[in-house]
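Notes follow once the structure below has been shown.
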Amino acid sequence: MKNILVTGGAGFIGSNFINHILAKRDDYFIVNLDKLTYAGNLENLKQSENNKNYRFIRGDIMNSELVNYIFESYNIKYVINFAAESHVDRSILGSQIFYITNVIGTNVLLETALKFKIEKFLQISTDEVYGSLGAEGLFTESTPLSPNSPYSSSKAAADMMALAFYHTYGLPVVITRCSNNYGPYQFPEKLIPLMVINSLNNKKLPVYGDGLNVRDWIYVIDHNKAAELVLEKGKIGEVYNIGASNEMSNIEITKLILKRLGRSEDLIQYVNDRPGHDRRYAIDSTKIRTELGWKPEFYFEEAIAKTIDWYIENKSWWESIINGEYRNYYKTQYKL
Ligand code: NAD
Ligand code: TDX
């Protein structure tokens with residue numbers, strides 16, 4: 001049995017990870033530690049909640065006493081740290097919680113992992129730590145880190161801290177830096193679910209700036225399969241980029257969603273740009289492909305259609321979110 005602590009497992013990527021792993025393997029015992037911030041939702045884990053190899057604990061990764069208790073009681077040997085404040089726009093509105101959770105929270109996990117002599121610590125980082133690209137080029141693992149937002153600077157700090165624990169103390173750390181994910185259970189503040197839900201509600205679609213910023217999109221299960229592989233076979237002390245080589249501008253994505261839902265492009269509303277908006281992200285994932293044999297399995301056209309259909313079919317999931325606390329954020333952010 002692999003006893004794994006998954007942090008942030010009630011969020012978008014973490015919940016997809018847990019559902020994916022528990023559906024196909026019985027050699028993983030997962031303890032999910034999640035604070036259930038606005039972004040955490042136990043509804044995402046309905047299919048896993050009664051699995052005998054799963055426990056949920058509500059708590060903060062900052063709580064050193066609790067984290068120690070979990071390592072000791074569950075004999076934790078592996079950690080995957082998904083827990084984070086993850087939204088760039090929120091980090092611009094208020095940065096402090098990003099540094100508290102993403103930096104100090106990661107420090108608590110690393111210190112505890114060191115004490116309990118674990119076998120592997122996977123830090124889920126992001127391509128945003130590399131900063132912004134011009135029209136040409138791709139991020140490789142040796143691209144210098146140059147984060148531009150409070151969010152990405154906090155993730156870069158955590159990423160470098162994890163590597164420092166490897167170099168200084170020999171903690172068996174591996175890092176993944178993935179590009180933009182899409183799929184079911186993504187919180188509606190993020191581009192794709194926001195555009196789908198606003199279209200379904202015949203609301204305006206707020207496109208930042210000229211709409212030509214580019215992101216490199218990957219289906220969440222492809223990311224999770226890569227994370228699983230890195231946890232099992234990744235070389236300690238190494239960084240692995242994850243991406244599906246699928247660059248698209250925001251306006252292209254927005255128009256594609258409108259087309260699929262049969263809505264008019266008149267719903268598009270260009271709004272003020274995000275301050276410090278990174279122009280383009282694009283990942284070179286040659287290393288994970290050649291060294292670990294990973295490749296993306298989902299074609300964008302099919303997976304985005306499947307994702308849009310998921311939001312159509314799961315209206316009650318997102319309605320309870322948009323009618324809750326999120327409403328205030330939406331009003332402040334978009335003034336639509
Ligand atoms: P999310 O915001 O959907 O989920 C984050 C989860 O972490 C939530 O369940 C929240 O309750 C939990 N959490 C927050 N603070 C916590 C704390 N102090 N203690 C315990 N739990 C806490 O985020 P996501 O999109 O699923 O991202 C997961 C991870 O993947 C993050 O580390 C993010 O930086 C990284 N990442 C995301 C993307 C993407 O496209 N979404 C791409 C690359 C990397
Ligand atoms: O309303 C919007 N209008 C708009 O034009 C929103 C929410 C976004 N955008 C643009 C900004 C970005 O160029 O769409 C692009 C994608 O935005 P987000 O969904 O906020 O994602 P991004 O800022 O690229 O960051 C995401 O990918 C990397 C995740 O939120 C991070 O957690 C991850 O590390």
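The values are calculated or read from the model by the stated rules, or taken from the named source; none is laboratory data. In this text, all values refer to a predicted model and were calculated from it rather than measured experimentally. Positions of Cβ are backbone-derived with ideal geometry, glycine not excepted, and every protein chain shown enters the neighbour counts. What goes into the accessible areas is simple: the full protein's heavy atoms, side chains included, and nothing from ligands, DNA or RNA. Shrake-Rupley method; radii C 1.70, N 1.55, O 1.52, S 1.80 Å.
Annotation: per residue accessible area for the stretch 1-108 equals 41 Å², rounded to a whole number [probe 1.4 Å, protein chains only].
Which FRET efficiency value, to the nearest 0.05, is calculated for I57 and D210 with the Förster distance at 41 angstrom and r the Cβ-Cβ distance? Mind dumping the intermediate values first?
Working: r = 45 Å, r/R0 = 1.09.
Efficiency for this residue pair is about 0.35.
Here's the list of lysines a cross-link from K235 could span, going by alpha-carbon distance under 22 Å and ignoring same-chain residues fewer than 8 apart: K2, K77, K115, K117, K120, K155, K225, K287, K295.
A straight chain from Y74 to Y169 at 0.36 nm per residue would run longer than the Cα-Cα distance by 31.9 nm.
Using 0.36 nm per residue and subtracting the Cα-Cα separation, the extra length available between M248 and A305 on full extension is 19.0 nm.
Per-residue ellipticity at 222 nm from helix content only, as computed over the chain with -39500 (n - 2.57) for each DSSP H run of at least four residues, stands at -12000 deg cm²/dmol. The length gained on full extension between K235 and L114, counted as 0.36 nm times the residue separation minus their Cα-Cα distance, comes to 41.8 nm. Compute the angle between helix 106-115 and the longest alpha-carbon principal axis of the chain, please, reported from 0 to 90 degrees and rounded to the nearest 10. Once rounded, one gets 20 degrees.
In the stretch 12-58, carbon and sulfur make up what percent of the accessible area (probe 1.4 Å)?
Working: 940 of 2100 Å².
Whole-percent figure for carbon plus sulfur exposure: 45.
Taking the protein heavy atoms of the stretch 227-336 in the context of the full set of protein chains, the accessible area attributed to carbon and sulfur is 47 percent at 1.4 Å.
For the stretch 105-216, carbon and sulfur atoms together expose 54% of the accessible surface, with a 1.4 angstrom probe and every protein chain in place. Of all beta bridges that DSSP places with both ends in the chain, some 5 percent have antiparallel geometry.
Accessible surface area normalised per residue over the stretch 230-330 is 53 Å², counting heavy atoms of protein chains with a 1.4 Å rolling probe. If R0 is 41 Å, the Cβ-Cβ spacing of R263 and Q47 corresponds to a FRET efficiency of close to 0.85.
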